[in-house]
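Asks: Below are the structure tokens for one structure; questions will follow.
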Amino acid sequence: GYDVLIAAVQRLSGSPGLVLFHACLVFLAFFTIRRSAGLSAADPLTLAGCLLLGVMASELRFEARPELVSYLFLALVLHLLHRRGLGLPSPLCLLPLIHLVWANCHSLFVLGWVALGCFWVGGWIRNRRPDRDLLGWGVASAAAAFVSPYGWRGVAQTLTLATRLNASHPFA
């Protein structure tokens, strides 16, 4: 999916369009993070400083790379889950759609699964009961990742790539 999108952007607007597209991905990811952080009572100056530090710390990863799509999708998933955790309206029905697109664009979609699991367990511990709605949407999100031209092999390949996170791997 990412390759198809990039080819379309390249065809329509050339290299400048690719740079602008990736800059928009970075902007939207940090905009979503800012919106999430603003859900809690926070000092605006502290929030701006932390956001600036986050941008500076991750700046090396802002090249035109497919993982920028994952940053945006992870920020969206965390935003929806954070709203849910605060008891605010949260359209959880968007989670499977996000995972469907995410799994067809980049292999880091498993981070969305991890976030869903963490919020589900955390909510269970805090509320002393499982959140059945979140569990249902989480299962639907996991199932959505299998809807790709590669099916279960695409998910298995993603889990195989997770071995690169081992500290002894050269890419670690």
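The values are calculated or read from the model by the stated rules, or taken from the named source; none is laboratory data. It should be emphasised that the depicted structure is a prediction, and the values quoted were computed from it without experimental measurement. Cβ atoms come from the backbone with ideal geometry, glycine included; neighbour counts cover every protein chain shown. Areas reflect the complete protein model, heavy atoms only, side chains present, ligands, DNA and RNA absent. Shrake-Rupley method; radii C 1.70, N 1.55, O 1.52, S 1.80 Å.
Asks: Hey, Leu134 hits all of (1) under 22 Å from Tyr2 (Cα atoms); (2) touching a residue at least 24 places away in the same chain (Cβ under 8 Å) but one; which does it fall short on?
Replies: Of (1) under 22 Å from Tyr2 (Cα atoms); (2) touching a residue at least 24 places away in the same chain (Cβ under 8 Å), only one is false for Leu134: (1).
A quick yes/no check of all residues on (1) touching a helix residue (DSSP H, G or I) at 6+ places or on another chain (Cβ under 7 Å); (2) more than 20 Å from Asn104 (Cβ to Cβ):
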| site | (1), (2) |
| --- | --- |
| Val9 | yes, no |
| Ser15 | no, yes |
| Cys24 | no, no |
| Leu28 | yes, no |
| Phe31 | no, yes |
| Arg34 | yes, yes |
| Arg65 | no, no |
| Leu68 | yes, no |
| His79 | yes, yes |
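Asks: Only one of these is open to solvent by less than 70 Å² (accessible area, probe 1.4 Å), assigned to a helix (DSSP H, G or I), within 24 Å of Gly87 (Cβ to Cβ) and at pLDDT below 85: Leu47, Leu39. Name it.
Replies: On the way: Leu39 fails: assigned to a helix (DSSP H, G or I).
Testing whether each residue is open to solvent by less than 70 Å² (accessible area, probe 1.4 Å), assigned to a helix (DSSP H, G or I), within 24 Å of Gly87 (Cβ to Cβ) and at pLDDT below 85 leaves just Leu47.
Asks: On to the next question. Hey, among the residues in the range 1-32 that are part of a helix (DSSP H, G or I) and in contact with a Cys (Cβ under 8 Å, 6 or more places away or on another chain), which one's surrounded by the fewest Cβ atoms within 10 Å (Cβ to Cβ)?
Replies: Leu5
Asks: Criterion first (free of Cβ contacts under 8 Å to residues at least 12 places away in the same chain, of a type in the set (Phe, Trp, Tyr) and either in contact with a strand residue (DSSP E or B) (Cβ under 9 Å, 6 or more places away or on another chain) or farther than 26 Å from Val155 by Cβ (or both)) does Phe62 satisfy it? Talk me through it step by step, then tell me what you get.
Replies: On the way: free of Cβ contacts under 8 Å to residues at least 12 places away in the same chain: no; of a type in the set (Phe, Trp, Tyr): yes; either in contact with a strand residue (DSSP E or B) (Cβ under 9 Å, 6 or more places away or on another chain) or farther than 26 Å from Val155 by Cβ (or both): yes.
In short, no.
Asks: Of a type in the set (Phe, Trp, Tyr) and modelled with pLDDT of 90 or more: is that true of Phe21 in this structure? Break it down stepwise before answering.
Replies: Values: of a type in the set (Phe, Trp, Tyr): yes; modelled with pLDDT of 90 or more: yes.
Spelling it out, Phe21 is indeed of a type in the set (Phe, Trp, Tyr) and modelled with pLDDT of 90 or more.
Asks: Another question, then. Among the numbered criteria (1) exposed (fewer than 15 other Cβ atoms within 10 Å of the Cβ); (2) under 26 Å from Asp131 (Cα atoms), which single criterion is violated by Ser90?
Replies: That leaves (1) as the condition not met.
Asks: Mind listing whichever residues of the range 93-118 are open to solvent by 40 Å² or more (accessible area, probe 1.4 Å) and in contact (Cβ under 8 Å) with a residue 12 or more places away in the chain?
Replies: Kept after step one, since they are open to solvent by 40 Å² or more (accessible area, probe 1.4 Å), are these residues of the range 93-118: 93-94, 97, 100-101, 104, 108, 111, 113-114, 118.
Matches in the range 93-118: Cys93, Leu94, Leu97, Leu100, Val101, Asn104, Leu108, Leu111, Trp113.
Asks: Just one of the numbered conditions (1) open to solvent by 50 Å² or more (accessible area, probe 1.4 Å); (2) farther than 25 Å from Arg34 by Cα; (3) touching a helix residue (DSSP H, G or I) at 6+ places or on another chain (Cβ under 8 Å) is not true of Val139; which one?
Replies: (3)
Asks: Right, next: Cβ-Cβ distance below 7 Å, separation of 6 or more or different chains: which pairs start in the range 138-161 with a residue that is within 19 Å of Trp120 (Cβ to Cβ) and end on one that is open to solvent by 60 Å² or more (accessible area, probe 1.4 Å)?
Replies: From the range 138-161, the pairs are Ala142/Trp113.
Asks: Counting just the residues of the range 107-129 that are closer than 30 Å to Val4 by Cα and over 10 Å from the mean Cα position of the chain (by Cα), which one comes out modelled with the highest pLDDT? Spell out how you get there, then give the answer.
Replies: Just the residues of the range 107-129 that are closer than 30 Å to Val4 by Cα, to begin with: 107-116.
If we keep only those that are over 10 Å from the mean Cα position of the chain (by Cα) too, we end up with 107, 114, 116.
Details: Ser107: 79, Val114: 91, Leu116: 94.
Only one residue tops the list, namely Leu116.
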